[in-house]
Amino acid sequence: MPEDFSTPPPPPPPPASPYTQAPAYPYPQRYGFPPPRSRSAWFYIAIIAGSLAAVFLLVTGMVWLTMRSVGGNSGGLGLNSDSIAVIDIAGPILSPETIDAQLRKFGEDSSVKAIVLHINSPGGGAAASQEIYHEVLRVRQENHKKIVASIESVGASGAYYIASGCDKIYANDASVVGSIGVIMEWTNYGDLLRWAKLKSVVIHAGELKDAGDPSRDLTPKEEAYFQSLVDNMYTQFVHDVATGRHTSEDKIRPLATGQVWTGQQSLPLGLIDKVGGYRVALVETAREAGISGEPNVVRTAKNKRGLFALLTDDGEDLFPNPSQLLNRAPGFYFMWK
């Protein structure tokens, strides 16, 4: 029988929708993972509590580091009521302000039982050294604090001046000690001016007003004038060392020749009290102050100059103006060179 082409065939059924037949979690099941579980409220509470604890520890750590940078060590937090303060006196002594401020700070701190001056200096300005010496005496007397000096490599001239005001002086066998004396110096550039065909013009009232003019030689009267100033400062130096060392000026004067001795030589001369390094001075000072065991050491944080400060200041420290070299007046120094 011939086929009937007048009636079209029925349409095929529509394909099943993948969205209605797909599982609720197609991807985890496809890769073999179980569906995620619902979290309880305690899970989120634990997350929040952990985050708060982490923030608290971070803030506490930052506060601790800040206090340590201010106080130098753990003593800055006041965690130890029995501490030994250490003040470093290193390099030329140009100003008393920093050392005096530390002496006042530790002298008034009841948790500090004694102070060690850790000295490695050839001395410096006469007035600056003298001022620190008197501050040492004041803290000892008014704050009743024991202060000892520990000389590392060099404790000469103005640095020894300061050390002599302490209760006790320690020095290593090979330390350089002494140099009790005064020096005044400046650069005479008169020949340079004449070479450059320049002249120094000075108008003054008073015969000695321009004494020490570096563009010319001293007159005999000017030389005698400056020598009298140096002699007077020398007398003060000898007197203060004798007072600090609890001896007489007659015993110090033969040693006040400007020369230095080793620590080993200084002991029989009475310039120091004991041969020993910084560690010996620290431990013995702590013991004498009534501190048992390892002493807690506190220091004042050093003022470090950052890159920003170096870029924004006038740069005189790094690159001094050559013209300033000509403006330096004569100075008096308790300095070993």
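The values are calculated or read from the model by the stated rules, or taken from the named source; none is laboratory data. Note that the structure is a prediction, hence the values are computed from the model and not measured. Ideal geometry is used to build each Cβ from the backbone, glycine not excepted, and the neighbour counts take in all protein chains shown.
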Subset of the stretch 122-135 (residues that are crowded, with 19+ Cβ neighbours inside 10 Å and part of a helix (DSSP H, G or I)): A126, A128, S129, Q130, I132, Y133, E135
For S215: the one exception among (1) closer than 21 Å to E152 by Cβ; (2) in contact with a Phe, Trp or Tyr (Cβ under 8 Å, 6 or more places away or on another chain): (1)
Residues satisfying the stated conditions in the stretch 243-263, i.e. assigned to a helix (DSSP H, G or I) and closer than 19 Å to V148 by Cβ: T243, G244, G263
Test: A174 is more than 26 Å from G244 (Cβ to Cβ), of a type in the set (A, V, I, L, M) and surrounded by fewer than 12 Cβ atoms within 10 Å (Cβ to Cβ): no
Residue in the stretch 116-125 that is in the same structural domain as G165 (by TED's automatic domain parsing), farther than 30 Å from D231 by Cβ and modelled with pLDDT of 95 or more present: yes
Filtered residues of the stretch 277-297 (kept if outside any helix (DSSP H, G or I) and in contact with a Lys or Arg (Cβ under 9 Å, 6 or more places away or on another chain)): A289, G290, I291, P295
Any hit, the stretch 106-118, residues being crowded, with 21+ Cβ neighbours inside 10 Å, of a type in the set (K, R) and closer than 25 Å to A301 by Cβ: yes
Residue in the stretch 110-119 that is of a type in the set (D, E, K, R) and within 17 Å of the chain's Cα centre (by Cα) present: no
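Here's the yes/no breakdown for (1) in a strand (DSSP E or B); (2) crowded, with 20+ Cβ neighbours inside 10 Å; (3) outside the structural domain of S110 (by TED's automatic domain parsing); (4) modelled with pLDDT under 95:
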position: L137; (1), (2), (3), (4): no, no, no, no
position: R140; (1), (2), (3), (4): no, no, no, no
position: V154; (1), (2), (3), (4): yes, yes, no, no
position: Y160; (1), (2), (3), (4): no, yes, no, no
position: I169; (1), (2), (3), (4): yes, yes, no, no
position: L193; (1), (2), (3), (4): no, no, no, yes
position: V202; (1), (2), (3), (4): no, no, no, yes
position: A205; (1), (2), (3), (4): no, no, no, yes
position: L208; (1), (2), (3), (4): no, no, no, yes
Qualifying residue in the stretch 218-232 (condition: among the hydroxyl-bearing types (S, T, Y), under 33 Å from the mean Cα position of the chain (by Cα) and assigned by TED's automatic domain parsing to the domain that holds V176): no
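Per-residue answers, yes or no, for (1) at positive phi; (2) of a type in the set (K, R); (3) without any contact (Cβ under 8 Å) to a residue 24 or more places away in the chain:
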residue: D109; (1), (2), (3): no, no, no
residue: L117; (1), (2), (3): no, no, no
residue: V136; (1), (2), (3): no, no, no
residue: E142; (1), (2), (3): no, no, no
residue: A149; (1), (2), (3): no, no, no
residue: S157; (1), (2), (3): yes, no, no
residue: S164; (1), (2), (3): no, no, no
residue: I183; (1), (2), (3): no, no, no
residue: L193; (1), (2), (3): no, no, yes
Single match in T262, T285, T187 (criterion: surrounded by fewer than 15 Cβ atoms within 10 Å (Cβ to Cβ), polar (S, T, N, Q) and either in the same structural domain as S129 (by TED's automatic domain parsing) or at positive phi (or both)): T187
Condition check for K274: surrounded by fewer than 16 Cβ atoms within 10 Å (Cβ to Cβ), closer than 24 Å to A174 by Cα and assigned by TED's automatic domain parsing to the domain that holds E152: yes
Out of P254, P268, sole residue that is surrounded by fewer than 17 Cβ atoms within 10 Å (Cβ to Cβ), modelled with pLDDT of 95 or more and farther than 22 Å from M335 by Cα: P268
